[in-house]
Protein chains: 2
Amino acid sequence: MQTSDLIKNWLEQLQASGYRVTEPRRAIVELVATADHALSPIEIYDSGRREYPRLGLVTVYRTLERLEELGLVQRVHSPDGCHRYLRAFEGHQHLLICTRCGRVEMFAGDDLDPLARRVEQATGYQVEEHWLQLFGVCPLCHA
Amino acid sequence: MQTSDLIKNWLEQLQASGYRVTEPRRAIVELVATADHALSPIEIYDSGRREYPRLGLVTVYRTLERLEELGLVQRVHSPDGCHRYLRAFEGHQHLLICTRCGRVEMFAGDDLDPLARRVEQATGYQVEEHWLQLFGVCPLCHA
DNA sequence: CTATCTGCAAACCGTTTGCAGCGTT
DNA sequence: AACGCTGCAAACGGTTTGCAGATAG
């Protein structure tokens with residue numbers, strides 16, 4: 001899908017879910033849908049302001065909340081605890097995250113479902129979610 | 001190792017590293033070394049206060065910092081972003097965490113090193129750390 | 001026209017820092 | 001006796017909430 005189509009698609013999904021398509025939302029969606037790395041709310045706010053100067057940080061948080069509800073973005077947790085947001089991709093993804101710049105790669109990892117089921121059996125837990133994340137330094141930051 | 005020995009061992013390690021063994025530290029170490037689940041700083045503060053009422057939250061943070069330096073505790077990250085602390089075990093562990101009460105189980109997972117090396121090769125990243133964590137509801141919270 | 005959305009300000013929560021006095025060594 | 005440690009209070013940064021005015025549908 002073309003990035004412009006992606007943006008249009010997100011806005012349509014917002015609308016279809018009863019949300020309104022507004023200028024600030026348009027700016028935020030444009031940024032997040034096309035970013036190649038995970039963005040923090042502040043980064044979105046700063047960049048978004050260049051396009052739509054009246055943008056407020058609160059709106060960034062509220063819009064991200066909506067996009068997460070719709071499954072369009074996912075949160076990324078890092079060792080530093082900083083919350084970043086990344087466009088969600090098809091199915092469950094395993095992430096490789098650059099600890100310097102937040103750039104994110106996806107990789108096909110092991111399928112963890114068998115493991116999860118094994119562990120459920122062994123412990124009696126009901127497994128609801130799993131994280132498989134690698135952290136490292138990307139080639140660009142490394143140079 | 002007996003839990004009382006474990007506590008003694010931690011206090012000795014503090015001392016050996018040039019830190020002082022004080023009443024508040026003793027209370028904190030006792031709690032964290034023997035806990036069967038990951039504790040948040042506030043929980044440590046509240047419980048610690050029962051044993052040593054003058055305990056301050058700041059001291060909890062500062063002591064956890066020391067214990068982390070010495071490799072005696074490890075941070076645990078959850079989807080809610082809440083930081084909890086767990087006694088560190090031998091080698092690298094994969095965790096299963098109860099999202100309700102913070103109880104933690106360890107499990108022998110796949111060895112992720114081959115995967116990490118494969119991903120390094122494919123992406124050019126230098127992989128430094130990995131997380132394999134499962135989240136769920138433990139049998140007790142589930143009932 | 002109405003209900004949602006926005007931005008501001010202020011509240012809020014977990015964490016960190018400055019500092020004067022206390023307690024370990 | 002000296003220096004690290006403590007607890008209080010206050011600062012701090014990120015996130016959330018209340019509210020009156022703006023705006024999409």
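With only Lys, Arg, Asp and Glu charged, each at its Cβ (+1 for the first two, -1 for the last two), find how big the charge dipole of chain B is about the Cα centre; round to the nearest 20 debye.
About 560 debye.
Counting only DSSP beta bridges with both residues in the range A:94-142, tell me the antiparallel percent, nearest 5.
Details: 4 of 8 bridges.
In the range A:94-142, approximately 50 percent of DSSP beta bridges are antiparallel ones.
Assume the label is 7 Å from Cα along Cα to beta carbon: what separations in nm does A:His92 have to the matching positions in the other copies?
Spacings between copies for this position, smallest first, are 2.0 nm.
Please give the charge dipole size of the protein assembly as shown, origin at the Cα centre, charges +1 on K and R Cβ atoms and -1 on D and E Cβ atoms. Round to the nearest 20 debye.
Dipole magnitude for the protein assembly as shown comes out near 1000 debye.
Where the label is 7 Å out from Cα toward Cβ, how close does B:Glu120 come to the same position in every other copy, in nm, shortest first?
3.4
Pairs of alpha-carbon atoms within less than 8 angstrom and 6+ residues apart define the contacts here; what relative contact order does chain B have, in percent?
For chain B, the relative contact order is 19 percent.
Label 7 Å along Cα→Cβ of A:Met106; the range A:1-45 residues with amide nitrogen under 17 Å?
Taking a point 7 Å out along Cα→Cβ of A:Met106, the residues of the range A:1-45 whose backbone N falls under 17 Å are A:1-7, A:9-10, A:32-39.
Given the -39500 (n - 2.57) contribution per DSSP H run of 4+ residues, what per-residue ellipticity at 222 nm results for the protein assembly as shown, rounded to the nearest 500 deg cm²/dmol?
Mean residue ellipticity, 222 nm, calculated: -13500 deg cm²/dmol.
Run through the other copies and list how far each one's label point is from that of A:Gly71, in nm with one decimal, shortest first; the point sits 7 Å from Cα along Cα-Cβ.
4.4
Using alpha carbons only, how many degrees (0 to 90, rounded to 10) separate the axis of helix B:41-51 from the longest principal axis of chain B?
Between the helix axis and the principal axis of chain B, the angle is about 30 degrees.
Using Cα atoms only, what is the angle between the long axis of helix B:57-69 and the major principal axis of chain B, expressed in degrees (0 to 90) to the nearest 10?
50
Within 10 Å of each residue's Cβ, count the other Cβ atoms and sort B:His37, B:His142 from fewest upward.
Ascending number of Cβ neighbours within 10 Å: B:His142, B:His37.
Report, in whole Å, the centroid distance computed from the Cα atoms of the range A:47-99 and the range B:80-108.
First find each Cα centre; the distance between them is then 25 Å.
Using only Cα atoms, tell me the angle between helix B:113-123 and the longest principal axis of chain B; keep it within 0 to 90° and round to the nearest 10.
60
The numbers here are math on the coordinates, done by the rules we state, and not lab data. Everything quoted here is computed from the prediction, not taken from an experiment. Cβ atoms come from the backbone with ideal geometry, glycine included; neighbour counts cover every protein chain shown.
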